[in-house]
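Everything below concerns the one structure shown next.
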Amino acid sequence: MDVTQAINKRRAYRSLEPVEITEDLIKDLAGSTQLAPSCFNNQPWRFVFVYDTKVLKDMHTVLSPGNEWAHSASMILAVFSRKEDDCIIKDREYHQFDCGMAVGFLLLRATELGLVAHPIAGFSPKKTKEVLGIPEEYRVITLIIVGKHSEKISTALSEKQVEGEKNRPERLPLEKFVHFNRFES
Ligand SMILES: Cc1cc2nc3c(=O)[nH]c(=O)nc-3n(C[C@H](O)[C@H](O)[C@H](O)COP(=O)(O)O)c2cc1C
């Protein structure tokens, strides 16, 4: 699979079936983030890969309403960082940007491996830190829900989420966000 194919194939599916989690898989996914660019090569991303059944169950308690579909995850990654571990240039704080790029690489690699890797913002960072023992000074940026896409639509989904399984949510046309040579509103 080339990069264009992975970009096109990646989807934030919510109907998941189990997938075997191995140390090799974790190292592979973690390795895909290692070569991501970051400001001054600061590499501010930190991950907890959760695949132990008991800890996974504890992670269900951190999910916001509407994200119950994630109970079918075979693995949940917590992505966290500290702003002082990356560039701060006046009002520009780069740690979340750099974590986002690393996660982007990981999502494409997961797609290439035939997996769903679905980032979510609907969770409690406070409870996540409690469950995983992440120190207070870190910001938990996203959880990534990992599984295998199931053709059988999950019963945990809302009508809108079911629609999202069938058709990729619409994107802005290029003219809404691309400017040539100069910003024009
Ligand atoms: C930062 C971020 C937060 C998201 N939060 C949630 C979430 O809490 N629950 C959810 O079901 N999907 C969540 N999503 C998935 C998006 O809804 C999804 O990527 C978007 O609708 C586009 O669909 P596609 O990725 O399948 O193309 C999130 C995605 C991102 C990048």
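The values are calculated or read from the model by the stated rules, or taken from the named source; none is laboratory data. As the structure is a prediction and not an experimental result, all values here were calculated from the model. A quick note on method: Cβ atoms are made from the backbone with ideal geometry, for glycine too, and the neighbour counts reach across all protein chains shown. Areas reflect the complete protein model, heavy atoms only, side chains present, ligands, DNA and RNA absent. Shrake-Rupley method; radii C 1.70, N 1.55, O 1.52, S 1.80 Å.
Things to note:
- Residue within region 136-151 that is assigned to a loop (DSSP other than H, G, I, E, B), open to solvent by 30 Å² or more (accessible area, probe 1.4 Å) and either at pLDDT below 95 or within 16 Å of the ligand (Cβ to nearest atom) (or both) present: yes
- Any hit, region 165-181, residues being of a type in the set (Asp, Glu), exposed (fewer than 10 other Cβ atoms within 10 Å of the Cβ), out of contact with any helix residue (DSSP H, G or I) (no Cβ under 7 Å at 6 or more places or on another chain) and outside any loop (DSSP other than H, G, I, E, B): yes
- Some residue of region 78-95 being open to solvent by 40 Å² or more (accessible area, probe 1.4 Å) and within 14 Å of the ligand (Cβ to nearest atom): no
- From Phe105, Phe80, Phe123, Phe183, residue being aromatic (Phe, Trp, Tyr) and free of Cβ contacts under 8 Å to residues at least 40 places away in the same chain: Phe183
- Being open to solvent by 40 Å² or more (accessible area, probe 1.4 Å), assigned to a helix (DSSP H, G or I) and closer than 23 Å to Lys127 by Cα holds for only one residue in Val103, Val55, and it is Val55.
- Those residues of region 8-24 which are open to solvent by less than 100 Å² (accessible area, probe 1.4 Å) and in a loop (DSSP other than H, G, I, E, B), in sequence order: Arg10, Arg11, Ala12, Tyr13, Arg14, Ser15, Val19, Ile21, Thr22
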